[in-house]
1. Please sort by residue number the GluC sites (Glu not before Pro) in region 1-90 whose DSSP state is loop and whose Cβ has at most 16 other Cβ atoms within 10 Å.
2. Quick one: accessible surface of LEU101, probe radius 1.4 Å, all protein chains present, in square angstrom to the nearest 10.
3. Among PRO49, ALA96, PHE190, whose Cα lies farthest out toward the positive end of the dipole of the chain, if unit charges sit on the beta carbon of Lys, Arg (+1) and Asp, Glu (-1)?
4. What FRET efficiency do you get for MET62 and ARG17 if R0 is 22 Å and r is their Cβ-Cβ distance, rounded to the nearest 0.05?
5. Per DSSP H run of n ≥ 4, the term is -39500 (n - 2.57); total these for the chain, divide by its residue number, and report the mean residue ellipticity at 222 nm rounded to 500 deg cm²/dmol.
6. When the dipole is taken about the Cα centre of the chain, and only Lys, Arg (+1) and Asp, Glu (-1) are charged at their Cβ, what size is it in debye, to the nearest 20?
7. What's log10 of I(q)/I(0) for the chain at q = 0.13, 0.15, 0.19 Å⁻¹, Debye sum over Cα points only, no solvent?
8. Given a 1.4 angstrom probe, I'd like the percentage of the accessible area of the chain that is carbon and sulfur, rounded to a whole number.
Amino acid sequence: MKLTPENIKHIDNTLIRDRINYIDLRVEIIDHISSELEILEGDFEVVFPKFYEEKEFFIRQMFVGHMKSDYKKGCKQLLNKLFSLSFFFLFLMINAIIVFLNHTKNKEFVLEYLDIIPIILPTPITMILLYNFLLSKNNSTDLTSLVGITNLIIVSYVFGGIYIIREIDTLLWIPIFSFYLTINLSYYFFYFSSKKRHEKKYNSILYNR
């Protein structure tokens, strides 16, 4: 059986109907189901309903397994990004700016004008994520887990990080503050790069199979 883009779209809509709202999980399921369907004989409209009914337990197992592995995937992704060259260079650049401001002004000046940034900077992306979580059919388990772990670090600034930074008497406060600024800026890159990657893979399976 040769599947058409319309057939693939029908599979996708069926998964969405069954509340599989994670795009990366649907990509895996669609790829698996399509591969099995293509070796069967008959018309898609006739074969698919019974085939899908037989696969419902398997799909639920994939969903549960995907969600269970979220935390590990999020930690692994975050560590990979924190130790990437792009994150390192952004951190160095921000660190250099803070060092310059601290040298030309002082710590009190820097914190008076900049310590609010790690609090307000995540707000727009948080609103986007909240919208996606509540209404979007194209969430990503990878992205959800990555954002969840990253959010814990960002929230730690509000509940402890800023107070520690203010109390430190040495220049150690600069790299700590710079790290918080860097991860807040990177938060946007984490979101859009992950979203683009999954949508590209999704569209590839949906339209180019």
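The values are calculated or read from the model by the stated rules, or taken from the named source; none is laboratory data. Computed from a predicted structure; not experimentally measured. FYI the Cβ positions are ideal-geometry reconstructions off the backbone, even for glycines, and counts take in every protein chain you see. Just so you know, the surface numbers come from the protein's heavy atoms only, side chains and all, with ligands and any DNA or RNA stripped out. Shrake-Rupley method; radii C 1.70, N 1.55, O 1.52, S 1.80 Å.
1. Details: sites: GLU6, GLU28, GLU36, GLU38, GLU41, GLU45, GLU53, GLU54, GLU56; in loops: GLU38, GLU41.
Passing both the DSSP loop test and the Cβ count: GLU38, GLU41.
2. 40 Å²
3. ALA96
4. Values: r = 16 Å, r/R0 = 0.74.
Given R0 = 22 Å and the Cβ-Cβ separation, E is 0.85.
5. On the way: 11 runs with 168 residues, N = 209.
Counting only the DSSP helices, I get -26500 deg cm²/dmol.
6. Details: 23 positive and 22 negative charges, 73 e Å.
So the magnitude is around 360 debye.
7. -0.79, -0.94, -1.29
8. Working: 8020 of 12270 Å².
Here carbon and sulfur together make up 65 percent of the probe-accessible area.
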